[in-house]
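Data first, discussion second: the structure below is written as structure tokens.
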Amino acid sequence: MLATAGLLTAAGVLSLAGTAQAATTLGGSAAAKGRYFGAAVAANHLGEAAYASTLDTEFTMVTPENEMKWDAVESSRGSFTFGSADQIVSHAQGKGMKLRGHTLVWHSQLPGWVGGLNATDLRSAMNNHINQVMGHYKGKIYAWDVVNEAFQDGGSGARRSSPFQDKLGNGFIEEAFRTARAADPAAKLCYNDYNTDGQNAKSNAVYAMVKDFKQRGVPIDCVGFQSHFNANSPVPSDYQANLQRFADLGVDVQITELDIEGSGSAQAASYTKVVNACLAVSRCAGITVWGIPDKYSWRSSGTPLLFDDNYGKKPAYTAVLTALGGTSGGGGDGGSGGSATCTATYTRTNTWGDRFNGQVTITAGSKAISTWTVAVTVSSPQKVSATWNGSPSWDGSGNVMTMRPNGNGGLAAGASTSFGFTVMTNGNTSAPAIGACTAS
């Protein structure tokens, strides 16, 4: 039930080729709004079936998490290794996804040899690195983070100390962008940073640089806002206004590394704020979350992503999908014409050596429903050994369980119920696939 067929245009906006019913995935729903929805991806997880399946189903943009950073591709001077990055690029291209390149010039994850160069050699090495990496992927990358995190935190608005800043001076950023434009004229060129999500000294300094670049014709097409949030650093109240002021300079804005620590409705509400801000700024090209399941996040203890450790869709996922105008369920037109709709959200509740319990929460849409059905598919040789709070039926294989209410299935608008089941793993611990919720 994809809402549209969409392609990224040269302007970085998704052009829509027709409309249909509400989309049921993050990427499809974002495409219907003229945006992309991406994820940071690690090559060493692509062999995990649930990881690849979730990536392929939900996302339309990929950012390599570490595989394109300087230490990964040029650990010794002039010797380039692209194997892991190529794996991600090949996977994304095979699934029709776009790619963000991350990152060309950054003070961190930098091989020691770079810092030991004198100014002349460092300038040569920086430009060669940009040319070689961008040349290798020329025509395959939608946007590059050309320079990453070049400004200090705090109230100074000053540049961060780095080999590039200390030896080449303020001009290194402009030089990197000019070199990048020549290396791949079709790729969008971005400056990317964190703690610039609201208006503050750091974001003001970046704003002044971008304004200067635009006035002088320095090639810059986009500004990336990493958007790492938690209780101590929440989504700023002026987040949307800050995105808009950058967009007003004539650049695209992109939310590049989104993750929000927390859980439940509070986390969901914060994700909703971010999505709504992007949708309200016409030049916000899209959103990338920094990972897929919580367990692989760089902040895994804070459970900051949209999928739990078992790839179950969290309340934050449902909130994002809803904010994008999508729906997890069937039931006619996804709610746009008053039809009954519902969503189904899966959570693994308990795990033992040979089995685990799952719970599916059914939530009615904006209209009351009288009944619902949800299909749950387990992977052979798994078997469902027990169920509760529902009435199941089975297909011939015994792998697909269709659950209906056990008695009255009526739910008021926005109300929820749940059913549970036990899966005997028989050596396969993968999460079940939860089908669309159908309501009437």
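When we screen 387, 402 for residues that are open to solvent by 40 Å² or more (accessible area, probe 1.4 Å), in a strand (DSSP E or B) and polar (S, T, N, Q), the only hit is 387. Would you be able to tell me the number of residues in segment 102-127 that are in a helix (DSSP H, G or I), open to solvent by 40 Å² or more (accessible area, probe 1.4 Å) and either of a type in the set (D, E, K, R) or within 23 Å of residue 63 (Cβ to Cβ) (or both)? Total satisfying the criteria: 2. Quick one: is residue 221 out of contact with any Gly (no Cβ under 6 Å at 6 or more places or on another chain) and acidic (Asp, Glu)? Yes, satisfied. Here residue 8 meets each of (1) modelled with pLDDT of 95 or more; (2) open to solvent by 20 Å² or more (accessible area, probe 1.4 Å); (3) farther than 23 Å from residue 304 by Cα; (4) of a type in the set (A, V, I, L, M) with one exception, condition (1). Exactly one residue out of 235, 253, 275 is buried (at least 17 other Cβ atoms within 10 Å of the Cβ), assigned to a helix (DSSP H, G or I) and among the hydrophobic types (A, V, I, L, M, F, W, C), and it is 275.
State whether one or more residues within segment 57-69 are part of a strand (DSSP E or B) and aliphatic (A, V, I, L, M). The answer is yes, given that some residue of segment 57-69 is part of a strand (DSSP E or B) and aliphatic (A, V, I, L, M). For residue 436, state whether it is closer than 19 Å to residue 311 by Cα and modelled with pLDDT under 85. Against the criterion (closer than 19 Å to residue 311 by Cα and modelled with pLDDT under 85), residue 436 qualifies. For segment 256-272, what are the residues that are in contact with a strand residue (DSSP E or B) (Cβ under 7 Å, 6 or more places away or on another chain), assigned to a helix (DSSP H, G or I) and of a type in the set (S, T, N, Q)? Hits for segment 256-272 are 267, 270. You will find that of 298, 290, the residue that is within 21 Å of residue 36 (Cβ to Cβ) and open to solvent by 10 Å² or more (accessible area, probe 1.4 Å) is 290 and no other. For segment 256-269, a residue qualifies if it is polar (S, T, N, Q) and open to solvent by less than 30 Å² (accessible area, probe 1.4 Å), and the qualifying residues are 256, 267. Look at segment 39-55: where a residue is in a strand (DSSP E or B) and a partner is among the small types (Gly, Ala, Ser), sitting 6+ places away or on another chain with Cβ atoms under 7 Å, you get 39/291; 40/291. Filtering segment 134-143 to residues that are over 23 Å from the mean Cα position of the chain (by Cα) and open to solvent by less than 50 Å² (accessible area, probe 1.4 Å) leaves only 135. When segment 129-184 is limited to residues that are outside any loop (DSSP other than H, G, I, E, B) and of a type in the set (D, E, K, R), the one that is nearest to residue 89 (Cα to Cα) turns out to be 145. Regarding residue 224, is this residue within 25 Å of residue 42 (Cβ to Cβ), open to solvent by less than 60 Å² (accessible area, probe 1.4 Å), modelled with pLDDT of 95 or more and not in a helix (DSSP H, G or I)? Here the answer is yes, as residue 224 does meet what is asked. Scanning segment 147-189 for residues that are open to solvent by 60 Å² or more (accessible area, probe 1.4 Å) and touching a helix residue (DSSP H, G or I) at 6+ places or on another chain (Cβ under 6 Å) yields a count of 2.
Taking (1) more than 22 Å from the chain's Cα centre (by Cα); (2) under 24 Å from residue 115 (Cβ atoms) in turn, residue 146 satisfies each apart from (1).
Considering only residues that are within 27 Å of residue 341 (Cβ to Cβ) and aliphatic (A, V, I, L, M), look in segment 414-440 and name the one that is least open to solvent (accessible area, probe 1.4 Å). Here the residue is 439.
Within segment 205-212, is there a residue that is open to solvent by 10 Å² or more (accessible area, probe 1.4 Å), under 23 Å from residue 118 (Cβ atoms) and of a type in the set (Asp, Glu)? Checking segment 205-212: not a single residue is open to solvent by 10 Å² or more (accessible area, probe 1.4 Å), under 23 Å from residue 118 (Cβ atoms) and of a type in the set (Asp, Glu).
One line per residue, one yes/no per condition, for (1) aromatic (Phe, Trp, Tyr); (2) out of contact with any Leu (no Cβ under 8 Å at 6 or more places or on another chain); (3) modelled with pLDDT under 95:
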| residue | (1), (2), (3) |
| --- | --- |
| 279 | no, no, no |
| 294 | no, no, no |
| 306 | no, no, no |
| 336 | no, yes, yes |
| 346 | yes, yes, yes |
| 362 | no, no, yes |
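For segment 390-399, the set of residues classified as among the small types (Gly, Ala, Ser) and either over 25 Å from residue 368 (Cα atoms) or open to solvent by 40 Å² or more (accessible area, probe 1.4 Å) (or both) consists of 391, 393, 396, 397, 398, listed by residue number. Considering 242, 192, the condition of being touching a residue at least 40 places away in the same chain (Cβ under 8 Å), open to solvent by less than 10 Å² (accessible area, probe 1.4 Å) and closer than 15 Å to residue 149 by Cβ is satisfied by 192 alone.
The values are calculated or read from the model by the stated rules, or taken from the named source; none is laboratory data. As the structure is a prediction and not an experimental result, all values here were calculated from the model. Because the Cβ atoms are built from the backbone with ideal geometry, glycine has one as well, and the counts that use them run over all protein chains shown. Side chains are part of the model used for accessible areas, which takes the heavy atoms of the whole protein and leaves out ligands, DNA and RNA. Shrake-Rupley method; radii C 1.70, N 1.55, O 1.52, S 1.80 Å.
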